[in-house]
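Note sheet for the following structure.
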Amino acid sequence: MVGALIALLYTLPRLVHSSINVATIAILVYFACSFLSFFLGLEFVWPHLARLFGYNNITTILIHCIVVILTAAQQVVLIYWLYAPSLARGKALRRVACFGAALVSLIALFLLALPTRRYDAETASLLNMQNPRYAAYLCAYIAVVAVGQIVTIRMSIRFSGIARRSWLRRGMRIVAVGAAFILLYCAARYLEVIGVQHGADMARWDQLQWLVGDLGSLLELVGWTIPRWGPRLSHIHHWMADYRAYCRLYPLWAVLYKATPSIAKEPPYSPAGSLRPRRDIEYHLYRRVIEIQDGRLALRPFLHQHEAKEAQRQARDSGLEGEALQVAIEALQLRAALYSRARQSMAPGPISTAAMTPEGNLREQVRWLTMVSQAYVRTRRGKAGAFPRSAAGASGP
């Protein structure tokens, strides 16, 4: 109920800020009916309606009518999404007419059955099923709901195959799953009616089928709303991934900044300041990559030929291959160059290193440099692949 109300309030502003169309109105009707279908059944609501209409079971037929309307509304949305407006209008009118006829028939059947007693919420459905006429009405109502959900599954799956936006595709698949759960609810209700008519105790089964139905309704609500708020989840995911990479690059950036402070556009006030979350994290991640690349270039004059070859030898001796080998070589060569930089020991001339130079877009460079940063931390801790004392000294960076 709360989810339906939130979805309704979240969607209402679209009537003001965007052009009004049939699909928007239909989805609002769906959300409003979803909310009312739960709200009218609350223990502090239905007695007031019963007194107002002078009939204790008035909320039963009201809720059933609302469910039929919301089933029709979601199909109208899908029709207008699947077809051109010129075709959608006719198809939607025919669909509404079919559900309208079903609704009138259900009201007539209910008036024929007309259960007079109002039981408590936990036993009402089971005790009313003992009335054969009400059981027949209930079977007809379940059939209308089931047919509506079968059509919803077919249409939502079809639309998910042509939708361009990823979150819209996901939403339609979630709607299909929710409709499948409601179909299970319909099947459970049929079994419940049969069980009650044969004198079986269906009390536990009643709780299970309500749980399945509520879960299906919740999934449909999520599916219809997730195209609106789902992209924000993607934004949060990308932000967290960027911030995680930003932090993982810090060890490498810190040693390069210490060696060449000029690489930083905005020098940090403290290590903690360099790691704090940033609003424009993508920009700061980009700056960190650029500064690391500048720091690597600034160290090239300090990498001696014998140290570069020693780094390659140690990396190969560790059994690494492919990209992992290149990462290890880069980390070991950086460590050697940093040590030479600290001693102001420049190489006689430029050399050609064996490590790969990051190429491609920002994401590829971030991935590569993150691995180099982690490998560099391992060399500082004296793990496999670190330089021996004779090559890089015992007190390197």
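Here are the numbers:
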{"read-out": "Hypothetical label at residue 377: residues of region 217-252 whose amide nitrogen lies under 19 Å (7 Å Cα-Cβ projection)", "value": "240-252"}
{"read-out": "Peptide ranges 248-255, 317-324 listed from the most packed, as the mean C-beta count within 10 angstrom indicates", "value": "248-255, 317-324"}
{"read-out": "Computed E for residue 130/residue 86 - FRET, C-beta separation, R0 51 angstrom, nearest 0.05", "value": "0.50"}
{"read-out": "Region 205-251 shape via C-alpha gyration tensor axes, a/c threshold 1.5", "value": "oblate"}
{"read-out": "Those aspartates and glutamates that a straight Cα-Cα span of less than 13 Å connects to residue 265, excepting residues fewer than 8 apart in one chain", "value": "291, 294"}
{"read-out": "Fewest-first ranking of 159, 38, using other Cβ atoms within 10 Å as the exposure measure", "value": "38, 159"}
{"read-out": "Ranked list, fewest to most other Cβ atoms within 10 Å of each Cβ, for 329, 66, 58, 162", "value": "162, 58, 66, 329"}
{"read-out": "Extension gain (nm, one decimal) between residue 323 and residue 235, 0.36 nm per residue minus Cα-Cα", "value": "28.7 nm"}
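Coordinate-derived values only; no laboratory data. Computed from a predicted structure; not experimentally measured. All Cβ positions, glycine included, derive from the backbone under ideal geometry; neighbour counts span all protein chains shown.
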